1. Can you give the FRET efficiency for Ser173 and Arg80, using 1/(1 + (r/R0)^6), R0 = 41 Å, r = Cβ-Cβ distance, to the nearest 0.05?
2. Listed here are the pairs Lys149/Lys321; Lys147/Lys321; Lys146/Lys207; which of them are more than 28 Å apart at the Cα?
3. Measure off 7 Å from each Cα along the Cα-to-Cβ vector at Gln165 and Arg229, then give the distance between these two points in nanometres to one decimal.
4. From the Cα gyration tensor of region 159-305, with a ≥ b ≥ c the square roots of its eigenvalues, which class applies: rounded if a/c is under 1.5, or else prolate if a/b is larger than b/c, or else oblate?
5. Would you mind classifying region 190-239 by shape? Square roots of the alpha carbon gyration tensor eigenvalues, ordered a ≥ b ≥ c; an a/c under 1.5 is rounded, otherwise it is prolate if a/b is larger than b/c and oblate if not.
6. Quickly work out the Asp313-to-Asp140 label distance, labels modelled 7 Å from Cα along the C-beta direction, and quote it in nm with one decimal.
7. What does the extension gain come out to for Thr185 and Ala280, with contour length at 0.36 nm per residue minus their alpha carbon separation?
8. Count of lysine pairs in region 240-320 with Cα atoms under 18 Å apart, counting only pairs 8 or more residues apart in sequence or on different chains?
Amino acid sequence: MSLANSCALLLPFFLTLSLYITFSTAANTIGVTHTTVAVAADNVPLPKKVATFLPSDISPPTEKYWYSRLPNTPLPKALRYLLQPGHYPSITREFANENVSAAVILRRYRITYSKRGYKRGDKKSLNSALPDSTIFYQYDDLHPGKKMKVLFTDSGTKVSFLPRQIAESIPFSSDKIPEILKYFTLEVNSKEAQVIREEIGGCEEPKMEGEDKYCATSLESLIDFTVERLGQNVRVLSTGAGKKQEYTVSAEVRMIGDHKAAVCHKMRYPYAVHYCHVIADTEVDEVPLVGADGTKVKAVTVCHLNTSAWSPDHMAFQVLKIKPGPAVCHFLDSDTLVWVPKKDKKMTP
């Protein structure tokens, strides 16, 4: 066999090896799993490949910015995972999951109400969007021994933060949907495209009275939004995970924040985005629960003390069968962050 023929036979092998080394090195550098790499290589044509890998001169976000703005606040578990190198990919195309989190249920309900021709008296389509487990409850409902079926889930989007520089370069508005879909190589009629429309639409909905809201597309913008509104002397909490089952309130509910709080829900999106809102007249409680299987969960819940300005068709009133006005409380997803100002210690005489 001639030297030329031998080289021709070996060329495909070396090309394949080179591609494997390139993908593996990139994956290990920024923490993208081999599964993610395979998806990008197999399902996306090379000219349209999703920008899964970060440029070599841009580092992923770390805990440094957190502690520069919040030096006395421990990094919550729900955020720590998003900053661990290799724990989650920086971009994913697998975010249109069917995981029914509390935040997703609420958004689906709003869409059913506002976009499907709902009319008073026609409750069938609206009722189909109501949850089959406890999300809402009234202020005095929870006491030791109270039983309820609760689902503690998360947004289902296992993806980390993008560096602020990159996140701010990606469009994020309804009028830029075509550009966003092109950026992530998503089909116009795909489930993923519909989720993007829903999530951005939720960010652009009018604010409720007394509400301040913002969709944070990076770790830095998430921190900036909450610090500017609540200051640096804050606690950041999240609910422990637990499967859907019957839970019993095992002790007295403990109030851990009153008057004002910021709640940030992780959204279903190709990279980490949080829907944050600050609402006045809000109380944050910790509810100790024990599941039927013995699982213990410390649930963080939020109570809105004045709902008189809410729409009578809000899901909470449909579920609780009450009218606007009384305090309404609700459970949160396990990847939702709750920011509460720390209480100043009283001076002893």
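1. So, using R0 = 41 Å, E works out to roughly 0.85.
2. Exceeds cut-off: Lys146/Lys207.
3. Output for this residue pair reads 2.9 nm.
4. prolate
5. Note, shape of region 190-239 comes out prolate.
6. Placing both labels 7 Å beyond Cα along the Cβ direction yields 3.2 nm.
7. Result: 30.2 nm gained on full extension.
8. 4
The numbers here are math on the coordinates, done by the rules we state, and not lab data. This structure is a prediction, so every number in the text was calculated from the model and none was measured. Note that we place each Cβ from the backbone using ideal geometry, even for glycine, and neighbour counts take in every protein chain shown.
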